[in-house]
1. Sum up the charges of everything whose Cβ sits under 11 Å from the Cβ of Asn91, counting Lys and Arg as +1 and Asp and Glu as -1, but leave Asn91 out.
2. Add +1 for every Lys or Arg and -1 for every Asp or Glu among the other residues with Cβ under 12 Å from the Cβ of Pro113, and state the total.
3. If you average over every viewing direction, what projected area does the convex hull of the Cα atoms of segment 50-153 give, in nm²?
4. Report ³J(HN,Hα) in whole Hz for each residue of segment 25-32, in order, from the Karplus equation J = 6.51 cos²θ - 1.76 cosθ + 1.60 where θ = phi - 60°; Gly and Pro get x.
5. All other residues with a Cβ under 12 Å from the Cβ of Ala21 taken together, and with Lys, Arg as +1 and Asp, Glu as -1, what is their net charge?
6. At 7 Å along the Cα-to-beta-carbon direction for both Arg18 and Leu138, put a label point, then send me their distance in nm to one decimal.
7. Please report the relative contact order for segment 50-153, taking Cα pairs under 8 Å with a sequence separation of at least 6, and give it as a percent rounded to a whole number.
8. Provide the FRET efficiency to the nearest 0.05 for the Leu30-His3 pair, computing r from the beta carbons and using R0 = 30 Å.
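We did not get these values from a lab; they are worked out from the coordinates using the rules stated. Here the structure is a predicted model, which means the values were calculated and not measured. All Cβ positions, glycine included, derive from the backbone under ideal geometry; neighbour counts span all protein chains shown.
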Amino acid sequence: MRHLLALAHHPDTPEAEREAAFARAGALTLKYEIAEADLNHDHDRPAEQIVLYDHPVTGRGGHGRERAWALGTVAQGMGCETAFLNNDSSNRIRRVRIVGPASTIENLKILLPAVLVQMEGSATKTARAHAAKLPGWLTPRERNRDYWQWLISAGPI
């Protein structure tokens, strides 16, 4: 397959031979169900290891669930799969379980705390500004209920 594709893409290959190489490569791809990733993988080098990482998220202020969801969205955006452990409405520590390539996980270990700091700062500022515009007769609980919505929406763009 690699030889056929190299022949088909080589600039010195005559047009008829190029078409024949592409046709044969296409037929082999269908017959043996060969994926493009299989062709691009360097078999001399081991594939990158897939790892599991549990990122702790605080429940401080009762908004831990929303924090975890936001960080899980960032991890998914980086191509990882996520799940949540103990992600309820309590104030206890919960975890975002992230599965992905080792290099991506290493990057997320640096990125997620930075995203959380940015998200918290932006959400706090925006929620306070929003709460200042609310009628004075609302209870503190009613004012606070908007905070989690701001926490999710004020995350990184």
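1. Values: positive: Arg60, Arg65, Arg92, Arg94; negative: Asp88.
Here the charged neighbours net out to +3.
2. On the way: positive: Arg67, Lys109; negative: Glu120.
Surrounding charge for Pro113 is +1.
3. 6.3 nm²
4. Here the 3J(HN,Hα) series is 5, x, 5, 5, 4, 5, 5, 9 Hz.
5. Around Ala21, the surrounding residues sum to 0.
6. About 6.4 nm, to one decimal.
7. Details: 141 pairs, mean separation 30.4, N = 104.
Once normalised by length, the contact order is 29 percent.
8. Working: r = 18 Å, r/R0 = 0.60.
Once rounded, the FRET efficiency stands at 0.95.
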